[in-house]
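Read the structure below first, then the notes.
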Protein chains: 2
Amino acid sequence: MTTHVCLTARALGADAVWVAEKDAALERGIAAVVGRFGGAFEVRTGVPWKKAMQRFAGVKLHLTMYGQPIDGVMDEVLRASRGRDLMLVVGASKVPGDVYALADYNIAVGNQPHSEVAALAIALDRLGRGAWARAKFKGAKVAIRPSARGKVVVAAGRKLEEE
Amino acid sequence: MTTHVCLTARALGADAVWVAEKDAALERGIAAVVGRFGGAFEVRTGVPWKKAMQRFAGVKLHLTMYGQPIDGVMDEVLRASRGRDLMLVVGASKVPGDVYALADYNIAVGNQPHSEVAALAIALDRLGRGAWARAKFKGAKVAIRPSARGKVVVAAGRKLEEE
């Protein structure tokens, strides 16, 4: 699950993911993806979540099914975060109550039982107004060439694999 | 992971999820969510995926990082699927090659390594133009009342739990 959170964050434009639990295998796995597919995405694990939220100088959004509907607060969040860093907080099923208080906004991507990966994806898409679709991942060793059928992987502009 | 796919599909407006592998526990778990939070969502497991794709009369979209960027084909897909059923196909890391051929469209939510839950979420959001946010889940025993802080659960309009 945490791998999915990290890949989603990277693919949709986040700079980094911080994970409360120490997980060296996760760090290695994501570093391998970054090494291959490029970009400057970073994963840190073993980060004390409460201190991280308290010390964060930017705007903090907690994604939760109990929060305010995302569409109603998005304009306000975009105004409040202009020129500032943005932290999105997602948790597994049971999130400590302090998270609700430490967040600047508690935001729901639908007030239904959900997936934190899905909520993160839609929040990043809305916050960035879909800009992830035009992002370049610098230093990539390989890249996917979009295809109507099959798989095309290119390396430094040269076709590498095709199925 | 499959639970996340099902909850995401339900929360973002799908009518049903069909799963290739038989999984009675998954069916029970999702049925319990539907019983509590309402709506007419259905999960069927043990569905032969190839037959299901071959027999499906509507438009079939396969979500894959190798496909055509979603933003470029969305208008065409919306035109093609007007008044017809829509099937979105997502798989784990290794999807059989036949899926690419059986799909009407192979669509990428970013040509980067990703999460099928995130791809499904964004695809459903775009296909429905965000209509999930206004959806009613009929017959719900409980519902979340959106809240800037904390958790408010209501039952038949009566406040049930608050933290």
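The values are calculated or read from the model by the stated rules, or taken from the named source; none is laboratory data. Keep in mind that what you see is a predicted model, and the values were worked out from it rather than measured. When we count neighbours, we look across all protein chains shown, and the Cβ atoms used for this are built from the backbone with ideal geometry, even at glycine. Accessible surface is based on the protein model in full, side chains and every heavy atom, while ligands, DNA and RNA are left aside. Shrake-Rupley method; radii C 1.70, N 1.55, O 1.52, S 1.80 Å.
Points to keep in mind about this one:
- Filter result for A:Ala101 (closer than 30 Å to B:Val154 by Cα and open to solvent by less than 20 Å² (accessible area, probe 1.4 Å)): no
- Close pairs from segment B:79-97: first assigned to a strand (DSSP E or B), partner at pLDDT 95 or above and of a type in the set (Gly, Ala, Ser), Cβ under 7 Å, at least 6 apart: B:Leu86/B:Gly58; B:Met87/B:Gly58; B:Leu88/B:Ala123; B:Val89/B:Ala103
- Restricting attention to segment B:72-89 and to residues that are open to solvent by 80 Å² or more (accessible area, probe 1.4 Å) and either of a type in the set (D, E, K, R) or touching a helix residue (DSSP H, G or I) at 6+ places or on another chain (Cβ under 8 Å) (or both), the residue that is nearest to the other protein chains (Cβ to nearest Cβ) turns out to be B:Glu76.
- Verdict on A:Asp75 being of a type in the set (Asp, Glu), within 22 Å of B:Arg126 (Cβ to Cβ) and free of Cβ contacts under 8 Å to residues at least 24 places away in the same chain: yes
- Taken over segment B:84-97, the criterion of being at pLDDT below 95 and not hydrophobic (A, V, I, L, M, F, W, C) is satisfied by B:Gly91, B:Ser93, B:Lys94, B:Pro96, B:Gly97.
- For segment B:98-107, a residue qualifies if it is assigned to a helix (DSSP H, G or I) and under 21 Å from B:Cys6 (Cβ atoms), and exactly one does: B:Val99.
- Hey, B:Arg84 under 17 Å from the mean Cα position of the chain (by Cα) and among the basic types (Lys, Arg) or not: yes
- All positions within segment B:15-54 that are of a type in the set (Gly, Ala, Ser) and either in contact with a Gly (Cβ under 6 Å, 6 or more places away or on another chain) or under 14 Å from A:Pro113 (Cβ atoms) (or both): B:Gly29, B:Ala31, B:Ala32, B:Gly35, B:Gly38, B:Gly39
- Hey, B:Val47 modelled with pLDDT of 95 or more and hydrophobic (A, V, I, L, M, F, W, C) or not: yes
- Segment B:108-130, subset in contact (Cβ under 8 Å) with a residue 24 or more places away in the chain, under 21 Å from A:Gly39 (Cβ atoms) and assigned to a loop (DSSP other than H, G, I, E, B), residue farthest from the other protein chains (Cβ to nearest Cβ): B:Val109
- Counting the residues of segment B:1-19 that are modelled with pLDDT of 95 or more, surrounded by fewer than 16 Cβ atoms within 10 Å (Cβ to Cβ) and either out of contact with any strand residue (DSSP E or B) (no Cβ under 9 Å at 6 or more places or on another chain) or in a loop (DSSP other than H, G, I, E, B) (or both) gives 1.
- Members of segment A:27-41 that are within 14 Å of chain B (Cβ to nearest Cβ) and in a helix (DSSP H, G or I): A:Gly29, A:Ile30, A:Ala31, A:Ala32, A:Val33, A:Val34, A:Gly35, A:Arg36, A:Phe37
- Filtering A:Gln54, A:Gln68 for residues that are under 26 Å from B:Cys6 (Cα atoms), open to solvent by 40 Å² or more (accessible area, probe 1.4 Å) and either under 17 Å from the mean Cα position of the chain (by Cα) or at pLDDT 95 or above (or both) leaves a single hit, A:Gln68.
- Flag for A:Ile107 being aliphatic (A, V, I, L, M), open to solvent by less than 50 Å² (accessible area, probe 1.4 Å) and in contact with a helix residue (DSSP H, G or I) (Cβ under 6 Å, 6 or more places away or on another chain): yes
- Among residues of segment A:90-107, those that are under 18 Å from the mean Cα position of the chain (by Cα) and facing chain B (nearest Cβ under 8 Å), counted: 2
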